[in-house]
Amino acid sequence: MAELPHYDLVIIGGGCAGFSLASKLSEYGEKAPKVLILEQRKNYTNDRTWCFWDIDHPAYQSLASHAWSTFEVANRERVHHFDCNQHPYLMLESQHFYEAAIKQISNHPKIQLMLGQEVLSAPINTDQGWHISTAHTVFTARQVIDTRPPKKINPQDSVLWQCFVGYEIQTQSDCFSPEKMVLMDFDHTFEHGLAFIYILPTSEKKALIEYTVFSENIIPKQQLITRLKKSITQKIDRQPYELLRVEHGTLPMGYTLTQQYKASTYLYAGLFAGAARPSSGYAFQRIQSWANKCAQSIVSEQKLYASPKEQWVQSSMDGLFLNVIKNNPTRAASLFEDLFNRCELNTVVKFMSDQATLGDYFRIIKSLPPGPFIKALPGFVIQKIFHRLGWAK
Ligand SMILES: Cc1cc2nc3c(=O)[nH]c(=O)nc-3n(C[C@H](O)[C@H](O)[C@H](O)COP(=O)(O)OP(=O)(O)OC[C@H]3O[C@@H](n4cnc5c(N)ncnc54)[C@H](O)[C@@H]3O)c2cc1C
């Protein structure tokens with residue numbers, strides 16, 4: 001029998017986590033292991049837009065195509081304006097990230113990307129290492145990093161879901177201010193969760209507009225599209241527009257099934273393996289920080305490194321926050337409004353970017369009304385106990 005192609009490390013999935021890790025490994029030159037990335041898609045498109053605050057030199061900052069130094073949060077008739085000049089909000093288009101990663105990887109002789117390779121099942125652990133099968137070939141590897149999302153997503157596997165659809169549109173006349181984005185404009189007519197519109201204008205005539213819902217259930221894409229179209233019509237005053245691009249996401253907020261394989265040579269990574277921040281579903285910068293540490297650990301100790309568990313203060317605050325949103329989505333809009341209004345913006349930005357200190361947590365708690373949190377506390381504690389015991393949520 002012909003020998004199977006063998007690698008030190010196979011990364012399943014050439015998306016954000018897979019490419020971030022491979023790019024980091026490539027920086028180690030000849031010390032990098034022999035890596036194969038197996039990706040099911042045949043080509044890359046601009047399928048998502050990553051945004052993050054410019055705090056403490058975020059990764060891929062230099063590839064950002066737009067930065068906003070002002071933004072607004074709107075709840076009912078109240079519109080609050082904020083100046084985020086100190087930590088602008090950055091936009092990274094995924095096509096720029098994919099292009100940069102592919103260029104970096106292809107320059108490295110020991111790192112290989114294979115497209116159109118869907119890994120069909122769970123890899124098998126054998127005496128020769130892991131066997132990973134695609135429709136075309138079987139590969140073997142000493143270590144595997146698996147970034148595939150779960151095949152089937154059950155609504156009860158996460159405390160909440162962030163479901164959204166975004167349209168990038170072009171209008172004929174000026175409709176937007178490219179220096180100001182809309183972080184949250186709450187829609188109180190939606191009854192099945194906390195809904196808001198998010199607007200990222202990149203010129204007077206062009207913007208990415210998203211309709212987002214935080215909900216216990218997964219909201220069907222078509223329902224989000226109907227809402228989004230209605231919101232766009234209102235926002236641009238019924239003017240005609242051209243649809244340039246669509247993006248869609250269902251992000252876990254407080255995913256309860258995050259667990260690792262028993263073998264130390266197999267690691268789950270990415271959005272569903274602890275990378276998503278429970279209170280926001282955001283993962284891009286968390287993935288970068290994981291990729292950095294994981295590459296270091298692979299090169300220096302040949303060990304895989306999992307996303308670290310949340311610090312207890314952050315995980316407790318996120319957990320409580322999620323329970324408040326879940327129990328009372330209508331009230332949650334005013335909590336976000338209070339958070340931005342009563343708390344210093346730097347503190348909120350640090351909180352959202354995983355950089356809050358104990359003092360910041362204290363300031364955030366002080367800015368919020370205690371009532372809803374006290375009410376949510378028993379549910380949250382029960383959830384924690386169930387989780388500890390390994391029972392369902
Ligand atoms: C539209 C959208 C917008 C987002 N915006 C933000 C944001 O602004 N800020 C933020 O922090 N986070 C954001 N996120 C969340 C998160 O950062 C992204 O989902 C990120 O791409 C997660 O990285 P990942 O590697 O886990 O998953 P992915 O990037 O989805 O990568 C997984 C890869 O695995 C491949 N794959 C799947 N199954 C197989 C298989 N069987 N065989 C081989 N390959 C397979 C997929 O094709 C994909 O390339 C957004 C997510 C989406 C969907």
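The values are calculated or read from the model by the stated rules, or taken from the named source; none is laboratory data. All figures in this text were calculated on a predicted structure; none of them were measured in a lab. In this analysis, Cβ positions are derived from the backbone assuming ideal geometry, glycine residues included, and neighbour counts consider all displayed protein chains. When the accessible area is computed, the model is the full protein with side chains, heavy atoms only, and any ligands, DNA or RNA have been set aside. Shrake-Rupley method; radii C 1.70, N 1.55, O 1.52, S 1.80 Å.
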### Query
Just one of the numbered conditions (1) surrounded by 13 or more Cβ atoms within 10 Å (Cβ to Cβ); (2) under 30 Å from CYS294 (Cα atoms) is not true of PHE214; which one?
(2)
#### Entry: Residue list for segment 78-122, restricted to those being within 25 Å of GLU247 (Cα to Cα) and exposed (fewer than 13 other Cβ atoms within 10 Å of the Cβ)
LYS103
### Query
Restricting attention to segment 247-266, which residues are over 18 Å from TYR282 (Cα atoms) and either in contact with a Phe, Trp or Tyr (Cβ under 6 Å, 6 or more places away or on another chain) or surrounded by 14 or more Cβ atoms within 10 Å (Cβ to Cβ) (or both)?
GLN260, TYR261, THR265, TYR266
## Note on the structure
Selection from segment 153-182 of residues touching a residue at least 12 places away in the same chain (Cβ under 8 Å), part of a loop (DSSP other than H, G, I, E, B) and either open to solvent by less than 50 Å² (accessible area, probe 1.4 Å) or away from the ligand (no atom under 16 Å from the Cβ) (or both) yields GLN172, SER173, ASP174, CYS175, PHE176, SER177, PRO178, GLU179
### Task
Please verify whether segment 142-153 includes one or more residues that are on the phi > 0 side of the Ramachandran plot and at pLDDT below 95.
no
### Task
Check off (1) within 28 Å of SER289 (Cβ to Cβ); (2) loosely packed, with under 14 Cβ neighbours inside 10 Å for ARG48 and give me the number that stays unchecked.
(2)
### Query
Looking at segment 270-288, which of its residues are touching a residue at least 40 places away in the same chain (Cβ under 8 Å), in a helix (DSSP H, G or I) and not aliphatic (A, V, I, L, M)?
PHE272, PHE284, GLN285, ARG286, GLN288
### Task
Please work out which residue is nearest to the ligand (Cβ to nearest atom), limiting yourself to segment 123-152 and to residues that are crowded, with 16+ Cβ neighbours inside 10 Å and among the β-branched types (Val, Ile, Thr).
THR147
### Task
Hand me the list of strands (runs of 3 or more DSSP E) wholly inside segment 1-119 holding 2 or more residues that are within 15 Å of the ligand (Cβ to nearest atom), touching a residue at least 40 places away in the same chain (Cβ under 8 Å) and of a type outside the set (A, V, I, L, M, F, W, C).
89-93
#### Entry: Only one of LEU267, LEU243, LEU251 that is assigned to a strand (DSSP E or B) and away from the ligand (no atom under 15 Å from the Cβ)
LEU243
### Message
Considering only segment 128-140, I want to know if a residue exists there that is touching a residue at least 60 places away in the same chain (Cβ under 8 Å), out of contact with any Ser or Thr (no Cβ under 7 Å at 6 or more places or on another chain) and within 30 Å of SER231 (Cα to Cα).
### Response
no
### Summary
Listed by range, helices (runs of 4 or more DSSP H) wholly within segment 306-377 having at least 1 residues that are of a type in the set (A, V, I, L, M, F, W, C) and closer than 24 Å to ASN292 by Cβ are 312-327, 345-352
### Failed condition for GLN222, given (1) without any contact (Cβ under 8 Å) to a residue 12 or more places away in the chain; (2) closer than 30 Å to LEU304 by Cα; (3) open to solvent by 50 Å² or more (accessible area, probe 1.4 Å)
(2)
### Message
Need the failing condition index for ALA273 against (1) within 27 Å of LEU335 (Cβ to Cβ); (2) open to solvent by less than 70 Å² (accessible area, probe 1.4 Å); (3) within 15 Å of the ligand (Cβ to nearest atom), just the number.
### Response
(1)
### Task
Quick one: which residue in GLN355, GLN302, GLN311, GLN296 is more than 29 Å from LEU92 (Cα to Cα) and either out of contact with any Asp or Glu (no Cβ under 9 Å at 6 or more places or on another chain) or surrounded by fewer than 22 Cβ atoms within 10 Å (Cβ to Cβ) (or both)?
GLN302
